[in-house]
Amino acid sequence: MNWFSRSNHSFQFSLFSVNHIAALSIFVLVAAVIFLNRKKLNDQKWRRIEIGTAFSLILIEGMNHVWMYINGVWSFGRSLPLELCNIALILCIFLLMTRRKIFFELMFFIAVLGATQAIITPALTYDFPHFRYFRFFYEHIMVVWAALYFTWVKGYYPSFRSLRKLLIFINLLLPIIFFVNNQADGNYWFLRHKPESPSLFDLLGPYPWYIFTLESVLIALSSITWFLLRKRGTNGERSQLNIDLAKQEE
């Protein structure tokens, strides 16, 4: 059971190691397969796969909390599903279960920008074949794949309105995260202090100004992402997609 224990002497993760490159390769390969087969995948028979994927994400995240609890590392200040990638995971599960576009709009930019960055530079201690290795890459990669799947296959293209909804959503969550951090002595979203190790936060100014700088970076990168995806389709295609999505939401 070493693969599920806290002992990490045999499972030290190394950035851009063979196991990391393997995960990155699978991530890119499957994303390419989704894009190349986007018309074939738009079939009702894939609905069971969507539901099954949602339940698999619930299962592996539940196992993650079990792992933290039995190994004595679960705490209110570190283990609540309040980080942005955790929130993207929850939104992904709801999207897969319901196909509601609102969940896609709130998840898309967090997935494409946040989860992808986490996959490339993971904050991970445990290497293959430890449970935490599989859990980290499975959850983060699946969130991005789901975003790409609903974009390329289902036509849920993000709009500028999607970006506004995301910013409103994040800013509504901010006071809640501040409150939890204060009550649980946590540092969710790094709202109390920067990471102890060197990171991008070091370029964003001192506390608390880096919080506002970070939101500006989010707006800029999300706007670029929206603009690039917006140009992929013709106006006619996007108009038809909007009609189809409006019918779905009704």
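The values are calculated or read from the model by the stated rules, or taken from the named source; none is laboratory data. These numbers come from a predicted model, not from an experiment. Cβ placement follows ideal geometry from the backbone for every residue including glycine, while neighbour counts extend to all protein chains displayed. Surface accessibility is based on the protein's heavy atoms, side chains included, excluding ligands, DNA and RNA. Shrake-Rupley method; radii C 1.70, N 1.55, O 1.52, S 1.80 Å.
Tabulated values for the structure
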| item | result |
| --- | --- |
| Scan of the range 1-55 for residues that are exposed (fewer than 12 other Cβ atoms within 10 Å of the Cβ), assigned to a loop (DSSP other than H, G, I, E, B) and hydrophobic (A, V, I, L, M, F, W, C), ordered by number | M1, L15, F16 |
| Filter result (free of Cβ contacts under 8 Å to residues at least 60 places away in the same chain and open to solvent by 30 Å² or more (accessible area, probe 1.4 Å)) within the range 66-92 | V66, Y69, I70, W74, P81, C85, I90 |
| M63 vs. criteria open to solvent by 50 Å² or more (accessible area, probe 1.4 Å) and either aliphatic (A, V, I, L, M) or in contact with a Gly (Cβ under 7 Å, 6 or more places away or on another chain) (or both) | yes |
| Long-range neighbours under 7 Å by Cβ, at least six apart or interchain, first residue surrounded by fewer than 20 Cβ atoms within 10 Å (Cβ to Cβ) within the range 144-172, second assigned to a loop (DSSP other than H, G, I, E, B) | V153/R38; V153/L41; V153/N42 |
| Which numbered condition L106 fails, given (1) aliphatic (A, V, I, L, M); (2) more than 22 Å from E215 (Cα to Cα); (3) assigned to a helix (DSSP H, G or I); (4) over 10 Å from the mean Cα position of the chain (by Cα) | (2) |
| Looking only at the range 113-143, and only at residues there that are among the β-branched types (V, I, T) and assigned to a helix (DSSP H, G or I), the one that is surrounded by the fewest Cβ atoms within 10 Å (Cβ to Cβ) | I120 |
